[in-house]
1. So, Q35, is that one more than 30 Å from K153 (Cβ to Cβ) and out of contact with any Gly (no Cβ under 8 Å at 6 or more places or on another chain) or not?
2. Could you check, for the range 43-64, whether at least one of its residues is hydrophobic (A, V, I, L, M, F, W, C) and part of a strand (DSSP E or B)?
3. Looking only at the range 18-54, how many residues end up being β-branched (V, I, T) and either open to solvent by 60 Å² or more (accessible area, probe 1.4 Å) or more than 17 Å from the chain's Cα centre (by Cα) (or both)?
4. Can you tell me which residue in the range 130-157 is surrounded by the fewest Cβ atoms within 10 Å (Cβ to Cβ), limited to those that are over 19 Å from M51 (Cβ atoms) and among the hydrophobic types (A, V, I, L, M, F, W, C)?
5. Yes or no: R90 of a type outside the set (V, I, T), surrounded by fewer than 17 Cβ atoms within 10 Å (Cβ to Cβ) and not in a helix (DSSP H, G or I)?
6. Check the range 125-137 and report whether any residue there is within 16 Å of the chain's Cα centre (by Cα), assigned to a loop (DSSP other than H, G, I, E, B) and either at pLDDT 90 or above or β-branched (V, I, T) (or both).
7. Hey, any hits in the range 116-126 for a residue that's surrounded by fewer than 19 Cβ atoms within 10 Å (Cβ to Cβ) and farther than 26 Å from A25 by Cβ?
8. With (1) among the charged types (D, E, K, R); (2) open to solvent by 60 Å² or more (accessible area, probe 1.4 Å); (3) under 28 Å from Y33 (Cβ atoms) as the list, and R99 as the residue in question, which single condition is left unmet?
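The values are calculated or read from the model by the stated rules, or taken from the named source; none is laboratory data. On a predicted model such as this, the values are computed, not experimentally measured, just so you know. We place every Cβ from the backbone using ideal geometry, glycine too, and count neighbours over all the protein chains shown. SASA here: full protein model, heavy atoms, side chains in, ligands and nucleic acids out. Shrake-Rupley method; radii C 1.70, N 1.55, O 1.52, S 1.80 Å.
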Amino acid sequence: MEGEISPERYTPSIELEAELVDHIAENGKIISYVQKGLVKVPIDKINIYCMGKVPMYPKEELQRLQRLKQSDRKKFDAEPQNEERLVFIRDRLKHNWERSQEMFETIKQIRWEDSVEVVDKIIAHLLSVGEDITVETRIRYSSQLEAPLGGLKIQSTWKVLPNGPNIYQLLISFQLKKEDNQ
């Protein structure tokens with residue numbers, strides 16, 4: 001078992017019958033996916049976001065901006081980028097970090113760890129789920145993945161790519177199933 005899997009080092013297992021592909025996002029960023037048929041699952045969404053590896057948000061900067069806003073509102077408002085930055089850190093960076101930590105805690109609660117095998121299991125599950133997604137079922141699709149201690153309830157939202165009929169996993173959240181096998 002190894003931690004810290006990068007897309008360059010990740011290779012889907014032969015059982016997945018999938019391949020590694022790159023997709024250029026609207027912002028020009030290259031995103032690595034595991035693709036099977038028309039279904040694409042972004043590697044980093046599982047490997048980084050779900051495994052608690054989202055970088056810590058700039059906590060000190062957030063606190064400094066919040067203090068400035070409360071103590072010297074006139075100075076804070078004099079620079080419009082202060083509010084934009086505060087909102088970006090608080091609502092995006094901090095939220096993503098907290099959500100990533102929550103999901104990894106769930107992974108650990110069911111006795112899984114950050115490993116190639118676990119990332120592979122989750123990706124395999126999502127590739128399978130993606131085959132059944134339709135335009136009607138693509139929002140908040142619930143599925144179950146069995147694990148050593150209970151199971152993992154996965155809610156995923158899927159998006160049709162603009163340059164073709166391919167579907168890829170866009171958003172994912174984990175929850176423990178209510179019926180744990182303890």
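1. Numbers: more than 30 Å from K153 (Cβ to Cβ): no; out of contact with any Gly (no Cβ under 8 Å at 6 or more places or on another chain): yes.
For Q35, the condition - more than 30 Å from K153 (Cβ to Cβ) and out of contact with any Gly (no Cβ under 8 Å at 6 or more places or on another chain) - is not met.
2. There is no residue in the range 43-64 that is hydrophobic (A, V, I, L, M, F, W, C) and part of a strand (DSSP E or B).
3. Within the range 18-54, the subset β-branched (V, I, T) is 21, 24, 30-31, 34, 39, 41, 43, 46, 48, 54.
When the remaining residues are screened for being either open to solvent by 60 Å² or more (accessible area, probe 1.4 Å) or more than 17 Å from the chain's Cα centre (by Cα) (or both), the result is 21, 24, 30.
The qualifying residues number 3.
4. Residue satisfying both the conditions and the ranking: V135.
5. Working: of a type outside the set (V, I, T): yes; surrounded by fewer than 17 Cβ atoms within 10 Å (Cβ to Cβ): yes; not in a helix (DSSP H, G or I): no.
No; evaluated as a whole, the condition is false for this residue.
6. Checked the range 125-137: no residue is within 16 Å of the chain's Cα centre (by Cα), assigned to a loop (DSSP other than H, G, I, E, B) and either at pLDDT 90 or above or β-branched (V, I, T) (or both).
7. Yes.
8. (2)
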